[in-house]
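Below: one structure, written as C-alpha cells.
Just so it is clear, none of the values below were taken in a lab; they were calculated from the coordinates. Please read all numbers here as calculations on a predicted model, not as lab measurements. We place every Cβ from the backbone using ideal geometry, glycine too, and count neighbours over all the protein chains shown.
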C-alpha cells in the first residue's frame, strides 16, 4: 500500500519534504500540494500531483490520506483541527501552534477523536546520535543525570526576518523538546541570562543562556548563538552521577594536512540533520499508513510552546518563570514522575 500525501506549504522546508517523499523514501506518494502562493505550489508539485486552491480543499480530498503541514505557524491551528475532524494523520512542522491556548484546542480535539493523529517535526529525536545518548541515559550505567548542556549555534540568521524573540520562541523549542525526551522529564521553571551582545547580529539580542529547571531537579543549560559565523554547531552533554555522555561532533571526519588538524562543521540544519529528517518520515509513513501517529505528540508541542512563552517572560522579568502544565491526557502516555 502506498500512502497518498498532501503537502501544505511549499517554501524551503516544504520543498525539501516533497523531495524526500518522492525521491528518497518508499511507501508514499505526493498527490496534492497547496500554498498561499499557488504559482510556487505548482512549481513544487511533483508530476501527477494536484494543486489545490486551499488547505481545506486538500485535506478534504479523497486523493489525500495523510497531510504534511509546512505553512507558517499562525495557520497551523486551523489546519490541524481540519485534519483531526477529517480523521487524517498529519505531520506538522514546528511550531505546532503559536500559543498555549491553541495547543490546548488541538489537544482537546485529538483526545475527543480518541486516537493520535498528530506528529510534530522535532527531528532531533530521530537522529542516531541523540538516540544513542538517550540509550546511555536510560540504561542507568552512569547513574542519574544531574545536568545537561545543550548548545545550539547558527552561522547566521536572515536579517530583518529573524527577530530578537525568535531564539526563545522558535529556536529554543528544539533544545527544550530534546531535553525533555532525553531526560524523561518536564520543565518546571525557565531562567534567561543575556551575555555580552554579539556585534555579528547588528541589533539582534544574541546570544542567550537559558536554564531549564526540570521537575526532577536536573538543570539544563542551553546556549543559543544565532550569528556565530563559523557554522551550524549542535552539541549535547549529560553529566551523571558516575560519568558523562556526550554527542559526537558531526561530521566525524578529522582532516590532517599542511594547514593542521581540523574537523568540518555543517553549514546548516539540513546538512546536520539530513538523516534524522529521513528517519522521522520513514516512521511517520508507517504510522500514518495505519491511520495513526507516533513520535513527538501534540502534548510535546504544547510543552515546548509553554517553555518558549516562559522564556520570553523570563528575559523581560530577569527572574525564573514557572510553567504550569495541565494534567497529561492518557492518550499521550503516563505522566512524568514527580520524584526529586
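Some notes on this structure:
- Exposure proxy order (Cβ contacts within 10 Å, fewest to most) of 292, 82, 253: 253, 292, 82
- Nearest-ten-degree value, helix 274-289 long axis tilted from longest Cα axis of the chain: 40 degrees
- Debye intensity ratio I(q)/I(0), log10, the stretch 57-151, q values 0.12, 0.18, 0.21 Å⁻¹ (C-alpha model): -0.52, -0.85, -0.98
- Using C-alpha pairs under 8 Å with a sequence gap of at least 6, the mean separation divided by the residue count of the chain gives a relative contact order of 20 percent.
- Panel order for 2, 98, by other beta carbons found within 10 Å of each beta carbon, from fewest to most: 2, 98.
- Largest GNM mean-square fluctuation across 59, 261, 285, computed for the chain with C-alpha springs under 10 Å, falls on 261.
- Working ranking of peptides 103-111, 117-125 by packing, defined as the average number of other Cβ atoms within 10 Å per residue, highest first, is 117-125, 103-111.
- The alpha carbon gyration tensor of the stretch 103-252 gives principal lengths a ≥ b ≥ c with a/c of 1.5 or higher and a/b no greater than b/c, which makes the shape oblate.
- Angle of helix 76-86 to the longest C-alpha principal axis of the chain, folded into 0 to 90 degrees and rounded to 10: 50°.
- Förster radius 22 Å - calculated FRET efficiency between residue 26 and residue 128 (Cβ-Cβ, nearest 0.05): 0.65
- For the chain, the longest principal axis of the alpha carbon atoms and the long axis of helix 100-113 meet at an angle near 50°.
- Evaluated over the stretch 1-140, the Cα radius of gyration and Dmax, each in Å: 15.8, 53
- If you bin all the Cα-Cα distances of the chain at 10 Å, starting from zero, the percentages per bin are 5, 24, 33, 26, 10, 1, 0.
- Among 140, 73, 260, residue whose mean-square fluctuation peaks in a GNM of the chain (springs only between Cα atoms under 10 Å): 260
- Relative contact order for the stretch 211-321, counting Cα pairs under 8 Å that sit 6 or more residues apart, in percent: 13 percent
- Helical content of the chain, expressed as a calculated mean residue ellipticity at 222 nm, amounts to -10000 deg cm²/dmol (DSSP H runs of 4 or more residues, -39,500 (n - 2.57) each, divided by residue number, nearest 500).
- Span from the the stretch 226-278 Cα centroid across to the the stretch 305-334 one, whole angstrom: 29 Å
- All alpha carbon pair distances within the stretch 181-340 were sorted into 5 Å bins beginning at 0; the resulting P(r) in whole percents reads 1, 7, 11, 14, 16, 18, 15, 9, 5, 2, 1, 0.
- Centre separation in Å (Cα based) which lies between the stretch 22-71 and the stretch 114-133: 23 Å
- Debye equation applied to the C-alpha atoms of the stretch 249-340, log10 I(q)/I(0) at 0.14, 0.18, 0.23 Å⁻¹: -0.87, -1.01, -1.13
- Which of 242, 282 has the fewest Cβ neighbours within 10 Å, and the rest in rising order: 242, 282
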